[in-house]
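Student: Sending over a structure as structure tokens; questions will come in a sec.
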Amino acid sequence: MTSKSTITSLRLQQKLFPLVLRLEPGEAAHRFVYGTPGFMTWWSQELPKLPMDVEEVLSPKEQIFALLTDFASGLRMDYPKELEEMKPPEGGIWEFQTVDVRVFGFFPERNHFIGVFGDSTKRCHDYGLHRGYMNECIRICDRELVLDRIFGGKIDDVIT
Amino acid sequence: MTSLLDEREQRRARFVGRVRRQLKIAFAEAKKRDVSQADVARTLDVDPAVITRQLNGSANLTLATIGDLAWALGLYPQFELLTEAQLLEKAGRPTANKMANATSVSGSEGPAQVTPFRLHVIEAA
């Protein structure tokens, strides 16, 4: 039987990295975001190059930064099109959503999100990538990181 | 690891996100009073899809639009610019000038005498 990893042990092994989300004065970190090495590469190299919706005032990297920082600062996340569990909910995979960006990952424990993949909203829709990303997140969680994840289907199950 | 966004980009992103979030909260509260997004669209004589796009970011939100939406929701928008000290004060934290080691406070950079913008939407009486 394989023993389960923890966020701490994976950070020591450099299989997970904390995402830098700088809060504003007066805010406190209530939640945490980490990324796999693949996610961190996407975050620093691909995200800045993503195409932008013509009417959006924020660039894709600004959109997802704002959403993830709101998340980290402890704001409510129960409005549509922000953080949603992917279907079917039995997978325990969640998706952060902005106009131009999608981030896929899971919660090994409450208030701790592991980002595994990111992509443009348009590519996800045009090529129907959601199912593939979900399956890959499950595989990476179970086989590569060997982490537990929260199953539930409700936002209150994964954040406080 | 360095941050993906510089200070200016971060502040802009948080402000725009905060305004949209306030509007989403206002619409969620309106829904509890049986006022739907479609009702607001009718009041403003716009397509409901326009409001959806304004809330999710795929349509530009101007200050005038925010004023219109607030009116249609029976709310009053307010706007304020706060210093870092004022933000800390609001959060109930010691401000820089009250701390012995002022340089350790939050590490704000740049020309930021004036820091984040806040927009509140307040319900009409």
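Student: Quick one: in the stretch B:36-81, of everything that is in contact with an Asp or Glu (Cβ under 7 Å, 6 or more places away or on another chain) and free of Cβ contacts under 8 Å to residues at least 24 places away in the same chain, which residue is farthest from the other protein chains (Cβ to nearest Cβ)?
Tutor: That would be B:ALA41.
Student: Here's a follow-up. Report the residue count in the stretch A:128-160 for those that are among the aliphatic types (A, V, I, L, M), surrounded by fewer than 17 Cβ atoms within 10 Å (Cβ to Cβ) and part of a helix (DSSP H, G or I).
Tutor: Qualifying residue count, the stretch A:128-160: 1.
Student: So which residues in the stretch A:48-78 are facing chain B (nearest Cβ under 9 Å), within 17 Å of B:SER3 (Cα to Cα) and among the basic types (Lys, Arg)?
Tutor: A:LYS61
Student: Across the stretch A:28-47, what is the number of residues that are within 12 Å of chain B (Cβ to nearest Cβ) and under 24 Å from B:GLY57 (Cα atoms)?
Tutor: Result for the stretch A:28-47: 6.
Student: Just to be sure I understand, how many residues within the stretch B:1-35 are more than 19 Å from the chain's Cα centre (by Cα), facing chain A (nearest Cβ under 7 Å) and in a helix (DSSP H, G or I)?
Tutor: Looking only at that region, the number is 0.
Computed from the coordinates by the stated procedures, all read-outs in this text should not be read as laboratory data. Computed from a predicted model, the values in this text were never measured in an experiment. No Cβ is skipped: glycine too gets one built from the backbone with ideal geometry, and neighbour counts run over all protein chains shown.
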